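The values are calculated or read from the model by the stated rules, or taken from the named source; none is laboratory data. Note that this is a predicted model, so its numbers are computed, not measured. No Cβ is skipped: glycine too gets one built from the backbone with ideal geometry, and neighbour counts run over all protein chains shown.
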Amino acid sequence: MRDKERLKSLRIALWDALAPRMKQHGLRGRRAHGDWHFEKRVPIGFATFDIYLILHSDDFDVTANVFVRFDAIEELAYRRIDFLTASEKTRGVTLGAEIGNLTVGRQLRWTVADESDIDPVARALEEQLVDVALPYVETHCDLETAYKLLSSDADEAATECVGPYYFCAMEALAAALLLKKSSAELQELHRRKRAFLFQTDDIGLARFDEFVQSLADDGLLPGASRARKS
């Protein structure tokens, strides 16, 4: 059997071994663009245990990732974004990271080279789900926890904030509004996030300014001044 066909067969075998294990823990699987997503609904939106495949000529590696989506944060942050499709907006996630970065500070990979690797890798991924991903979901489906991570500029927090800095800055403001933070705290958060974007010449500065202006125009951000050029 040619390597391409053999590796395809191994990928199918791993999916067949992994999907029932995920289902036992309440996660429904789907395959998209070569990656695997195991999802479950949670009160704030949904959580996913994502498996990414890194293909090589004679084997493939897998990595595991956990993400949570806060529907309320995402809907507020991206309600006027026009560079994402409606479907992309509903699939965006708020917090999460690669399992290894959450546990040992570096990426973890599992290699599948032949059939003997299927069961051990499936078992190892299930262990990561049970030991790391599900506890992460349980502790991070809290709006205040999300706000603390999104509003922080610490490196540790940045690990768990998904997407470019300006995305996270927008989500931080959205979370603050949902939590009904004081006007003073909202203004300080806006100032700090914008200052960082300006100082780093971030390409997202204009998008962040547009978002803030939309909040001000809708009366959602009390005391916000019109976006400045400097």
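Residue check: Gly26 meets all listed conditions (1) within 23 Å of Val112 (Cβ to Cβ); (2) surrounded by fewer than 17 Cβ atoms within 10 Å (Cβ to Cβ) but one, namely (1). Pairing residues of region 194-212 that are without any contact (Cβ under 8 Å) to a residue 12 or more places away in the chain and assigned by TED's automatic domain parsing to the domain that holds Cys168 with residues that are in a loop (DSSP other than H, G, I, E, B) and surrounded by 16 or more Cβ atoms within 10 Å (Cβ to Cβ), at Cβ distances under 9 Å and at least 6 apart in sequence or on separate chains, gives Ala206/Ala227. Here Arg79 meets the list (1) under 26 Å from Ile12 (Cβ atoms); (2) surrounded by fewer than 18 Cβ atoms within 10 Å (Cβ to Cβ) almost entirely, failing just condition (1). For region 128-148, the criterion of being closer than 23 Å to Ile81 by Cβ, surrounded by 20 or more Cβ atoms within 10 Å (Cβ to Cβ) and not small (Gly, Ala, Ser) is met by at least one residue.
For region 149-163, state whether one or more residues are assigned by TED's automatic domain parsing to the domain that holds Arg192, crowded, with 22+ Cβ neighbours inside 10 Å and more than 15 Å from the chain's Cα centre (by Cα). Yes, some residue in region 149-163 is assigned by TED's automatic domain parsing to the domain that holds Arg192, crowded, with 22+ Cβ neighbours inside 10 Å and more than 15 Å from the chain's Cα centre (by Cα).
Taking region 48-77 as the range and being in contact with an Asp or Glu (Cβ under 9 Å, 6 or more places away or on another chain) and within 17 Å of Gly163 (Cβ to Cβ) as the test, the residues that pass are Thr48, Asp50, Tyr52, Asn65, Val66, Phe67, Phe70, Ile73, Glu74, Leu76, Ala77.
How about region 93-141: which of its residues are in a loop (DSSP other than H, G, I, E, B) and without any contact (Cβ under 8 Å) to a residue 40 or more places away in the chain?
Restricting attention to region 93-141, the residues satisfying the condition of being in a loop (DSSP other than H, G, I, E, B) are 93-94, 104-109, 113-114, 141.
Residues satisfying the conditions are Val104, Gly105, Arg106.
Residues that are at pLDDT below 90, farther than 20 Å from Asp82 by Cα and not small (Gly, Ala, Ser) within region 195-219 comprise Thr200, Asp201, listed in sequence order.
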